[in-house]
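Notes follow once the structure below has been shown.
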Amino acid sequence: LHVLKLADCIACEDTRHTQTLLRAYGLDKPAHQLLALHQHNEAQAAQMLIERLRLGQRVAYVSDAGTPAISDPGSRLVGAVRQDGRLALVMPGPSSVTAALSVAGIAGDPAHGGQFVFVGFLSSKAAVRAGEIDALAAEPRAVVLLEAPHRIEALAGALATLGERPVTFGRELTKQFEEIATVPAGDGPAWLAADANRLRGEFVVVLHGAPVAADAGDDLRV
């Protein structure tokens with residue numbers, strides 16, 4: 001709140017959402033202090049923000065329903081700011097990724113030691129997505145995926161081919177209607193279908209690590 005209050009300009013993925021946030025905390029910024037920066041205009045908007053930085057202004061960037069530059073806009077902005085020789089600082093907030101990893105309990109898995117890989121959004125094309133999941137099927141580390149509500153059924157259906165492999169679904173993590181469930185991958189579609197509300201909100205999906213095959217070396221030697 002201190003940073004947002006000090007900012008001469010706030011770049012927003014959606015100015016309407018950010019204005020609602022600001023007003024909720026009594027920080028009613030005038031329209032000229034808000035600048036839209038999203039996936040369709042990030043490169044151009046980043047240059048506009050750099051011009052403001054060169055004038056000595058303080059600039060903050062806020063994304064809507066995720067963490068800036070983590071499968072959300074912001075990475076091009078950070079890169080442009082650094083290329084201009086200026087400093088980019090982070091004000092970390094609630095993270096759906098780390099929240100999902102914590103509640104999935106993967107750190108207690110002695111076979112994998114809590115290791116994970118962040119993949120984010122898979123392809124929206126069914127054939128490509130199926131290929132991506134095939135490539136992840138033997139991944140021994142946990143895999144963190146992100147998905148939007150209108151595509152979660154397709155993702156769950158594609159993951160169902162992994163059968164008994166545990167999958168943790170985190171819906172609306174760190175928000176009012178948070179819901180968490182760990183089910184076998186094959187049961188994912190049925191879990192979603194059991195409640196219409198489960199098709200609403202943003203998802204973090206943790207595909208637990210693949211079982212590590214036992215070393216047959218001693219058996220073969222004996």
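The values are calculated or read from the model by the stated rules, or taken from the named source; none is laboratory data. What you are looking at is a predicted structure, and each value in this text was computed from that prediction instead of being measured. Because the Cβ atoms are built from the backbone with ideal geometry, glycine has one as well, and the counts that use them run over all protein chains shown. Heavy atoms of the whole protein, side chains included, go into the accessibility calculation; ligands, DNA and RNA do not. Shrake-Rupley method; radii C 1.70, N 1.55, O 1.52, S 1.80 Å.
At-a-glance table
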item	result
Residues whose placed amide H lies under 5 Å from that of Leu146, excluding near-sequence neighbours	Gly120, Phe121, Leu122, Val205
Partner aspartates and glutamates for Lys5 [C-alpha distance under 19 Å; skip if fewer than 8 residues away on the same chain]	Glu13, Asp14, Asp28, Asp64
Check: the chain dipole with +1 on Lys, Arg Cβ and -1 on Asp, Glu Cβ, in debye	960
Positive minus negative residues near Gly186 (Lys, Arg vs Asp, Glu; Cβ under 10 Å)	-1
In nm, spacing of pseudo-spin labels at His32 and Ala193 (7 Å Cα→C-beta vector)	5.7
Per-residue [θ]222 nm for the chain (sum of -39500 (n - 2.57) over DSSP H runs n ≥ 4, rounded to 500)	-9500 deg cm²/dmol
Cβ-based net charge around Leu87, under 15 Å, with every Lys or Arg adding one and every Asp or Glu removing one	+4
Convex hull per residue volume in Å³, alpha carbons only, for the chain	161
Rounded to 5, the percent of DSSP beta bridges in the chain classed as antiparallel	60
Long-range amide H partners of Tyr61 with built H, under 5 Å	Ala11
Chain lengthening between Leu4 and Ser75 when straightened (0.36 nm per residue, less Cα-Cα)	23.6 nm
Excluding exposed DSSP-loop trypsin sites (Lys or Arg not before Pro) (at most 15 other C-beta within 10 Å), longest clean stretch of the chain	1-57
Solvent-accessible heavy-atom area per residue, rounded to whole Å², over the chain at 1.4 Å	58
Neighbourhood net charge (15 Å Cβ-Cβ; Lys/Arg +1, Asp/Glu -1) for Val59	+3
Longest DSSP-loop-exposure-free segment, chymotrypsin sites (Phe, Trp or Tyr not before Pro), the chain, at most 12 other Cβ within 10 Å	26-176
Protein accessible area in the chain, 1.4 Å probe - carbon and sulfur %	55
